[in-house]
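Presented below is the structure to which this report refers.
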Amino acid sequence: MKIANYFHKLFAILLVLLYNCVLMSIKLKACIVDDESLAISSLKIDLSKNCHQVDVIATFQNPKDFTEFIKQNQIDILFLDIEMPEQSGILMLEQLGNFQFDVVFITAYTEYALKAIKIHAYDYLLKPIDTEELKKTVNELCLKRTSLIKNNIHRIALADINGLEIIDIDKIIYCLADKNYTTFFLTDNRKIVVSRNIGEYAKLLNHSKFFRIHQSSIVNLFHVTKITKGTNGSVIMSNGTELKISRANKNDFFESIQKITLM
């Protein structure tokens, strides 16, 4: 019986890991704009060999063609040459205005670095491109994009001794730590005890909705009904539970709560 329970628990944990890996996996869609076909080919090969997170979906030698393409398509990264005969990369971005993708300038000229910074380019790589520098830039962009995805999840998989349950994160009132276990307190008065450290959920849960007010507790900011005064203070949650705020987290907590209230 114990062996059966062990394998049942192990299976549930594997399902949780698989579910959360799917949430956090990422493939970055990229475009390359460069008037030199050889430069485009070289960069595509470099990305294919060394940056498997990147999927180059289109390349352009004329910036105007990219401008038309981006009106109907979404990308994550634009690898952009600056000095081009038809139109400079910087001028193209200025005309686009409010773009949502990250820009990595690829150029042979160092004098454009300041302009690249002013236009909020993510990085500035000099030709010939150093492979390690390219990998570093792509890895940083992956972490950035993965963080955005993680912080916008709406559901989470929790495994207890009874199996796996996928719940809406808005139903979480707060979480409490007990050594290597975490207990989730839900809006339907249920509790789910999970054999994972609370630190893992502090990283996973949406930071605009949840805040770790203490080493042992994470609260849903939208379920905080009252904040009490005192040396450190405490919060009253929507189910009536009072939780202490650690001194170290007090100021950051008030900043977070102010973003969702009219204090």
Using a 1.4 Å probe, how large is the accessible area of K49, given in Å² and rounded to the nearest 10?
150 Å²
Here the gain from full extension of S48 to E132, 0.36 nm per residue of separation minus their alpha-carbon distance, amounts to 28.9 nm
What are the extents of the Cα atoms of segment 132-225 along their three principal axes, in Å, largest first?
50, 31, 24
Heavy atoms of C142 accessible to a 1.4 Å probe, total area in Å² rounded to 10:
10 Å²
In Å³ per residue, the alpha-carbon convex hull of segment 177-224 encloses 73 Å³
Would you check the accessible area of T187, probe 1.4 Å, heavy atoms only, in square angstrom rounded to 10?
70 Å²
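Using a 1.4 angstrom probe on the protein heavy atoms only, line up K229, K209, K44, K27 by accessible area, largest first.
So, going from the largest accessible area down, we get K229, K27, K44, K209.
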Toy charge model, Lys and Arg Cβ at +1, Asp and Glu Cβ at -1: segment 43-114 dipole around Cα centroid in debye, rounded to 20, equals 180 debye
Which value, in debye to the nearest 20, describes the size of the charge dipole of segment 160-263 about its Cα centre when Lys and Arg Cβ atoms bear +1, Asp and Glu Cβ atoms bear -1, and nothing else is charged?
360 debye
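The values are calculated or read from the model by the stated rules, or taken from the named source; none is laboratory data. Bear in mind the structure is a predicted one, so any value in this text is a computation, not a measurement. With ideal geometry, Cβ positions are generated from the backbone for all residues, glycine too; neighbour counts draw on all protein chains shown. Note: accessible area is taken over every heavy atom of the protein model, side chains too, but ligands, DNA and RNA are not part of it. Shrake-Rupley method; radii C 1.70, N 1.55, O 1.52, S 1.80 Å.
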